[in-house]
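A short worksheet on the structure shown next.
What follows is calculated from the coordinates using simple rules that are stated; it is not laboratory data. Only a predicted model underlies this, so the values are computations on that prediction, with no experimental measurement involved.
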């Protein structure tokens with residue numbers, strides 16, 4: 001089976017060779033590798049071109065990762081498309097194992113598995129597996145943010161093209177916005193249990209890490225889109241509402257670390273919609289007690305006062 005591995009790249013000369021080689025090393029499939037450079041100013045393009053005819057290199061201006069991903073889709077010859085960020089890599093059996101575990105993907109449009117999270121600290125690294133909850137329904141998995149980072153999925157080429165590919169201009173939560181559109185469009189998701197993509201965390205300079213308030217705003221908008229869809233289709237369950245409430249509460253607490261007044265307004269707005277639920281590690285007993293007696297703002301102030309000094 002022919003698959004396309006698409007690698008969007010911007011100033012990734014430190015990692016791009018490993019990403020490309022891991023794509024070329026995919027076993028038991030015919031792998032086409034496409035690198036789309038998004039206006040790099042370092043040596044990324046030269047490194048990619050050093051692989052010769054084995055890699056198709058497309059050079060463009062600075063138009064964003066989703067534009068680059070769409071160029072991959074437009075140029076892909078594979079039946080399935082594997083996206084790989086330029087600072088990540090794949091294990092050699094990633095694609096073939098995923099297809100084998102899904103019976104060739106005959107009943108699916110999206111195959112997804114957990115990913116290895118490789119966290120770097122100076123020159124050392126450690127690995128963990130991303131969270132997953134395959135026993136939950138697919139909408140609950142999405143709410144929990146358990147449908148994986150970009151590299152964990154295989155997309156049926158035709159199905160991804162049918163829903164319009166990636167949303168260009170999406171500032172963050174890019175894969176989750178795409179997953180949501182795929183779910184709303186009725187694409188078939190199938191979980192495969194073996195992780196084979198490696199998501200490398202090595203920098204705090206990504207947009208999602210630099211601007212958590214933007215992430216909260218975008219993620220909340222996506223939640224509201226899903227809520228409207230589930231209600232319209234009469235698919236909304238109490239489990240969905242509970243998971244949405246927990247996620248919004250966690251975001252309110254993150255918001256409070258940066259802007260307490262804004263967080264209080266966010267908390268009130270979400271609570272009015274029945275979308276605040278105190279649960280999980282963000283809601284220890286003491287916090288829940290202060291929250292119930294004194295309200296969100298006071299509970300946050302007390303939590304801040306009680307937090308150990310760094």
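For the reader, a short list of remarks on this structure follows.
- For region 198-308, the relative contact order comes to 21 percent (Cα pairs under 8 Å, sequence separation of at least 6).
- Prolate/oblate/rounded call for region 78-148, Cα gyration tensor, a/c under 1.5 rounded: oblate
- Prolate/oblate/rounded label for region 212-310 (Cα gyration tensor, a/c 1.5): prolate
- Theoretical ellipticity at 222 nm over the chain - DSSP helices of four or more residues, -39500 (n - 2.57) apiece, nearest 500: -13000 deg cm²/dmol
- Over the chain, Cα pairs under 8 Å with separation of 6+ residues give a relative contact order of 16 percent.
- Rounded to whole Å, sorted largest first: equivalent-ellipsoid semi-axes of region 1-123, Cα gyration tensor: 24, 17, 13
- In terms of Cα atoms, the Rg and Dmax of region 5-66 work out to 11.1, 35 Å.
- Overall form of region 127-259 per C-alpha gyration tensor (a/c, 1.5; a/b vs b/c): rounded
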